[in-house]
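Comments concern the structure below.
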Amino acid sequence: MTDPFAWLTEPCSSPDATAAAAARERQDQLTKPRGALGRLESVAIQLAALQSSVTPRVDPVQICLFAADHGVTAEGISAFPQSVTVEMVRNIARGGAAISVLARSLGAGLEIIDCGSREDPGAITGVRGERVGAGTGNIALEPAMTRDQLAQALLIGRDAARRAVAGGVRLVIGGEMGIGNTTTAAALGCALLRLPAADLVGPGTGLDGAGIRRKVQVVDRALARHAVVGQDPLVVLERLGGFEIAALAGCYLGAAQGGVAVLVDGYITTAAALAACRINPSVGAWLLFSHGSAEPGHRRLLAALDATPLLDLGMRLGEGSGAAMAVPVLRLACELHAGMATFAQAGVSG
């Protein structure tokens, strides 16, 4: 029987060191002091290495948004009811959500995938129905999913990435929608990083102090019940993850294995990126990090990945919205890198 997880460890290509060196040399010849454009210079060089091109480009951009529900919502850890997941999927598909507006403004592709909302909404125009189940199990009481469901969710993400790669995109963004998924992301991060719940649990959709304390208790209960701290990341995902979080991890792996850069969004997507890197460390070179979420635990996840985000706008919406906001920064970094004159071309003394 074929191992459904075998593809996960297929290595990603290493960044092109020759292209990176040529891009760095070009940066040093442009009509500015060395390093004067800060992160715009380093990100252009990073993209050059990933694209094997001295003058990289960002477009086309594809946003893959995965939605699912979480059984742990029954523990009262969200300010919104679980029904909001499907309602927001419909809103995104109709074009009324933040990520819908951002995708239109950027001219980016947007694919919405229902991985397992509690309510089966039936066919929704503009949404791929690839349901793994009617939401995950309540991690405070039971495993999030079965091994087969985990394999299915990872493949949903991989296949979304492969469709994007086949379409010729140069940048993939992963987005998510799922009431309760900050709790799941916190539990996942705690297990992978050996941290207590209080270090990673935050307000999510807007909990008050009492709500946050209850959420910490729920995550602590989940960690104690499943005893997966420091274990195989696939086991951690199976016991504590979400269908959309597993799909995100699969998407990142699929994009990186296909030679396409990934722009990571906020807290939940960074938890998925951490899981992907623990499963296959070679994916890390293909990840760029867009923004620092207002969700407090995001800083700990970023530190674990040695990642510095491009923006810090106090956002905590999810959906891929923070990553979408960073796309113009990447575009301008590439435009400056390719379009500025060198000292020799401009007749300026270096």
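The values are calculated or read from the model by the stated rules, or taken from the named source; none is laboratory data. Being a predicted model, the structure only gives us computed values, none of them experimental. In this analysis, Cβ positions are derived from the backbone assuming ideal geometry, glycine residues included, and neighbour counts consider all displayed protein chains. For accessibility, only protein heavy atoms count, side chains too; no ligands or nucleic acids. Shrake-Rupley method; radii C 1.70, N 1.55, O 1.52, S 1.80 Å.
Can you confirm whether the range 272-283 contains a residue that is part of a loop (DSSP other than H, G, I, E, B), surrounded by fewer than 24 Cβ atoms within 10 Å (Cβ to Cβ) and at pLDDT 95 or above?
The answer is yes, given that some residue of the range 272-283 is part of a loop (DSSP other than H, G, I, E, B), surrounded by fewer than 24 Cβ atoms within 10 Å (Cβ to Cβ) and at pLDDT 95 or above.
Quick check on this structure: which one of G96, G133 is in a loop (DSSP other than H, G, I, E, B), within 22 Å of the chain's Cα centre (by Cα) and without any contact (Cβ under 8 Å) to a residue 24 or more places away in the chain?
G96
Only residues that are touching a helix residue (DSSP H, G or I) at 6+ places or on another chain (Cβ under 6 Å), surrounded by fewer than 16 Cβ atoms within 10 Å (Cβ to Cβ) and at pLDDT 95 or above: list them for the range 85-130, please.
Scanning the range 85-130 gives a single hit, G126.
Condition first: modelled with pLDDT under 95 and either open to solvent by less than 10 Å² (accessible area, probe 1.4 Å) or farther than 15 Å from A273 by Cα (or both). Can you find one or more residues in the range 197-204 that meet it?
Yes - at least one qualifying residue is present in the range 197-204.
Quick check on the range 233-252. Is at least one of its residues more than 30 Å from G137 (Cβ to Cβ) and touching a Gly at 6+ places or on another chain (Cβ under 9 Å)?
No - not one qualifying residue is present in the range 233-252.
Which of the following residues is at pLDDT 95 or above, under 14 Å from T184 (Cβ atoms) and crowded, with 23+ Cβ neighbours inside 10 Å: A160, A153?
It is A153.
So A294 fits all but one of (1) assigned to a strand (DSSP E or B); (2) open to solvent by 10 Å² or more (accessible area, probe 1.4 Å); what number is the exception?
Answer for A294: the failing condition is (1).
Within the range 1-25, work out how many residues are of a type outside the set (F, W, Y), open to solvent by less than 60 Å² (accessible area, probe 1.4 Å) and assigned to a helix (DSSP H, G or I).
7
Step by step: first the residues of the range 26-72, then only those that are of a type in the set (V, I, T) and not in a helix (DSSP H, G or I), then the one that is nearest to G107 (Cα to Cα). Which residue is that?
From the range 26-72, those of a type in the set (V, I, T) are 31, 43, 45, 54-55, 58, 61, 63, 72; that's our starting set.
Remaining after also requiring not in a helix (DSSP H, G or I): 31, 54-55, 58, 61, 63.
Values: T31: 31, V54: 24, T55: 21, V58: 12, V61: 8, I63: 11 Å.
Once the filter is applied, the top-ranked residue is V61.
Out of Q82, Q51, Q46, I need the residue that is over 21 Å from the mean Cα position of the chain (by Cα) and surrounded by fewer than 24 Cβ atoms within 10 Å (Cβ to Cβ). Which one?
The match here is Q82.
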